[in-house]
Every structure is written in structure tokens, then in C-alpha cells.
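*Asks:* Once you've had a glance at the structure underneath, I'll fire off some questions.
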Amino acid sequence: MFTTPKIFIPKTSKGRAYVIYNYDGRRVRHYNGNCLNLNINPNQFTNPKDRERLAKQLLFEVNTALKNGWNPFKIETEKPILKHALQTILDEKLGSNLCDLYKRNLKAVHRMFVEFLPSSDLNGKCDSLKLDKVEAFLNKFQTSERNYINRRRCLGMFFNEMVRKGFANQNVVKNTKPAKAKASLHVPYSDIQLRSVLNYLKINQPNLHLCCLLTYGCLLRPHHEIRLLKLRHIVKDFTQIQLSGSENKSKRIRTVHIPEYIQVELRLRLKDVNDPEANIFTLTHDPYSVGYFNLMWGKEKIKMFKEKLLEANQTIYSFRHTAVINVYQKTKDLHIVQQLLQHSNMIVTLNYLRGLGEMNDDKLKDVLPTL
């Protein structure tokens, strides 16, 4: 379809350098990178070395584009300016089935990024934004590695979508400096701690007690699954919880068996509730806010620390981790653990168990086949 592109560099500074090749039998010349929305202009330089360097860069970009299917004769539709592209993508994400916390993070990053950039950048094309501007914005969030990673991930989503939609040719965020947060494990509870913490919460925070029970006994996620449970989700005489694909992280219909010790608590709490749309915590149609359980836990953990019921890094999610260890030690079956956790694949489950110290390289070595 096309011949190998080559560069022509004139012997004098008066002539112009260009990339030349044949496409579908037609001769094509490129004197700059405008055709690819790239700021590459070898003929702006009179120094032979600079001109040759930029001509080679132009050659590389043209060759790469051609190999990726670019047609130099195809007239491209007008691409939106950066400001409109960012707003279009944000509106789409806010209207999608994403969790509320992620949507809030996207809105915050969008607002701060638009406020940070000058109007000249916002009114320019998406590919015109320079790397140093993006790095300067992200450097504002170096207060912690986790904060930087979250902001970079959200901003990267916007530019990934721009590339996918054809608004841009490259994701400039990918070229920014990555960071790696130190892993902090949710420390599991011992048997004594488990009972002590649950007994404390039952007396002092009944809502939090039920949340932690469901996190442990049903292995549901507290903030985006348990918090939103309604009476209609609890079926078959309080023996099962059924969630649709839009109501859990796995996006698949999920049926969870309810242990008897949780059935007792649910029956007691919901004995006078008849509205199927009633939330099991508020007993109204409206759930608590996404940060409710964290707020309640933050208040009570200080008291539990003083009473030496908790250790460092023991959280609401520690109940789920404790349950995973309990199940794995009973069954030694990774597939069962994967099904209970609703992980997308076994690798996620394996990493989960290795992170909890329940699966290590020595154990993996022991199960290798013998001959």
C-alpha cells in the first residue's frame, strides 16, 4: 500500500527538508508534522544538525502512523478543543454505572485541572498540551504517594478516552512519572479479637455491627454493596442475599448464602419492615452516604484501641480478610475462595491470599508435580 518513507535533506539552507513516499501509487511529501497534529518543524532551523534531527523524528512518526493504518489522504473530522473534550468525557462517566466515590474523584480532578490550565491550553487541541504542564499539575499532589497515584489515574482516564474517541493521538499522562504506593494490609483478626470487637460494636454501634457481620459472614463489600442493601435483596426466608449485576462490583448476578448467626440479627432488625425498597440500615428508601461506615468506625476505633481490642491496620475490611483466611484454612480450595470473593480470575485471588500470608512461594513449590 505504501513504500518505505525516506527523508530528503537539501545541501543548502535555502531548500526544504521533507519525508517522501508513495501511498496507493501517489507520491506524498511531508514538510512538517501538521498532518499528524505534531509540532515537528525541521525547516524552521538553519543549523544542518538540528534540521536533520527533526527530519528523522518526522520520518519516525510518519512511518509509525502508516504502520498503524493511517491514511494521509483521509480528511479527518474536526477534533474538539481540550476543554470540550474533557467536559464530554466527564459527562459520559457521570452518567454511567460507576461507583459514587469514583465519580466524585473524576469531578474533582476535572475541576482542578481546568482551573490549573491557562485558556490558551484549554482552547487548543488535545495533542497540543505539553508534558511539562501535566507534570506541574500532578506535582501538586505529592503530599502522599497514594494521593498522587489516584489523581494521576483519574487524569489518565480522561486522556485514554480522548485517544479512544479520536480526540487525541496519544495519552500524555502515560509519560508522566509513575509512583508506587507502599502496600498496607488489612490485618486480620484473631478469634478472640473477632468476638470482642463484634460484641463491642453490637452494644455501641448496631449499624456498624451488622455491617461488619455481613462483611465477615457473607464476604460482601461494606461501602458499595452492604450499605445499599434493601429488604428486597434478602430472599427465601432470610437465607440468601441476591444482587443484580449493577449492584455489585463483579457486574454479575450474585447470590450469597446468609449464615444463621446473621439471619437472627436480620430477622430481629426487619421484623416490622414491609417495604421491599427499605434500606436495611436507615429503614427508609435513602441509604446512608458512602462514607458513613468509615465515619462510624473512625469514632469507635479510638475507644477500641484504648480497650486494646484493635491492632494497627485492623479495619472494617479486616473482617473480609479474616473470613477469607477462615474459608481457605477449612477448604484449601482456591476456586471456592475465588467464587466467594467474586474475583474475576484466580490470579487476583492468589495475590489476595499471598498478601495475607496464607500462600507463599514454599507452598507453591510443594504442590509442583513429581515424576
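The values are calculated or read from the model by the stated rules, or taken from the named source; none is laboratory data. All values derive from a computational prediction rather than experimental measurement. Note that each Cβ is placed from the backbone with ideal geometry, even for glycine, and that neighbours are counted across all protein chains shown. The accessibility values were calculated without ligands, DNA or RNA, using every heavy atom of the protein model including side chains. Shrake-Rupley method; radii C 1.70, N 1.55, O 1.52, S 1.80 Å.
*Asks:* Under a Cβ-Cβ cut-off of 9 Å, what is the net charge of the residues other than Lys177 that fall near it, where Lys and Arg count +1 and Asp and Glu count -1?
*Replies:* Result for the local shell: 0.
*Asks:* What distance in nm separates the two pseudo spin-label positions at Glu135 and Val273, each 7 Å out from Cα along the beta-carbon direction?
*Replies:* 5.3
*Asks:* Heavy-atom accessible area per residue, the chain, 1.4 Å probe: how many Å²?
*Replies:* 58
*Asks:* Mind computing the radius of gyration and Dmax over the alpha-carbon atoms of segment 1-103? Å is fine for both.
*Replies:* Both quantities, over Cα of segment 1-103: 19.1, 62 Å.
*Asks:* Just to check I understand the Karplus step: with θ = phi - 60° and J = 6.51 cos²θ - 1.76 cosθ + 1.60, what whole-Hz values come out for segment 268-273, glycine and proline as x?
*Replies:* 5, 6, 9, 5, 9, 9
*Asks:* Let me ask something additional. Where does the chain land at 222 nm, in deg cm²/dmol rounded to the nearest 500, when only DSSP H runs of n ≥ 4 count, each adding -39500 (n - 2.57), divided by all residues?
*Replies:* For the chain, the value works out to -14500 deg cm²/dmol.
*Asks:* Straight-line reach only, C-alpha to C-alpha below 19 angstrom: list the lysines that Lys308 could link to, leaving out same-chain residues fewer than 8 apart.
*Replies:* The qualifying lysines are Lys202, Lys299.
*Asks:* Alpha carbon centre of segment 229-284 versus segment 39-84: separation in Å?
*Replies:* What the calculation gives is 58 Å, centre to centre.
*Asks:* Same structure again: Name the GluC sites (Glu not before Pro) in segment 1-92 that are in a loop by DSSP and that have at most 14 other C-beta atoms within 10 Å, would you?
*Replies:* Passing both the DSSP loop test and the Cβ count: Glu76, Glu78.
*Asks:* Residue by residue through segment 78-95, which ³J(HN,Hα) values in whole Hz follow from phi under the Karplus form 6.51 cos²θ - 1.76 cosθ + 1.60 (θ = phi - 60°), with glycine and proline marked x?
*Replies:* 5, 8, x, 6, 4, 4, 6, 5, 4, 5, 4, 5, 4, 4, 5, 5, 5, x
*Asks:* Calculate one ³J(HN,Hα) per residue across segment 205-218 by plugging θ = phi - 60° into the Karplus curve 6.51 cos²θ - 1.76 cosθ + 1.60, and present them in order as whole Hz with x for glycine and proline.
*Replies:* So the J values, rounded to whole Hz, are 9, x, 5, 5, 4, 5, 4, 5, 4, 5, 5, 7, x, 10.
*Asks:* Further, regarding this structure: Based on Cβ point charges of +1 for Lys and Arg and -1 for Asp and Glu, what charge dipole magnitude is obtained for segment 38-106 about its Cα centre, in debye rounded to the nearest 20?
*Replies:* Rounded to the nearest 20 debye, it is 200 debye.
*Asks:* Also, I was wondering about something else. Can you find, among Ile302, Phe167, Leu340, the residue sitting farthest towards the positive end of the charge dipole of the chain, where Lys and Arg contribute +1 and Asp and Glu -1 at Cβ?
*Replies:* My answer, from the dipole projection, is Phe167.
*Asks:* Using only the alpha carbons of segment 65-110, what is the convex hull's orientation-averaged projected area in square nanometres?
*Replies:* Mean orientational projected area (segment 65-110, Cα hull): 5.0 nm².
*Asks:* Which order do Met157, Met1 take when ranked by solvent-accessible area (1.4 Å probe, heavy atoms of all protein chains), largest first?
*Replies:* Putting Met157, Met1 in descending order of accessible area: Met1, Met157.
*Asks:* Another question about this same structure. Non-local amide H neighbours of Gln314 (under 5 Å, H modeled in plane, Pro and chain starts lacking H): which ones?
*Replies:* Val187
*Asks:* A follow-up question, please. Just add up the charged neighbours of Phe113: K/R +1, D/E -1, any other residue whose Cβ is under 13 Å from the Cβ of Phe113.
*Replies:* Result for the local shell: +4.
*Asks:* In the chain, carbon and sulfur make up what percent of the accessible area (probe 1.4 Å)?
*Replies:* Heavy-atom surface of the chain belonging to carbon and sulfur, 1.4 Å probe: 52 percent.
*Asks:* So who's got an amide H within less than 5 Å of the one on Tyr288, skipping anything under 5 residues away but keeping other chains? H placed 1.01 Å off N, in plane.
*Replies:* Counting only residues 5 or more places away or on other chains, the set is Thr282.
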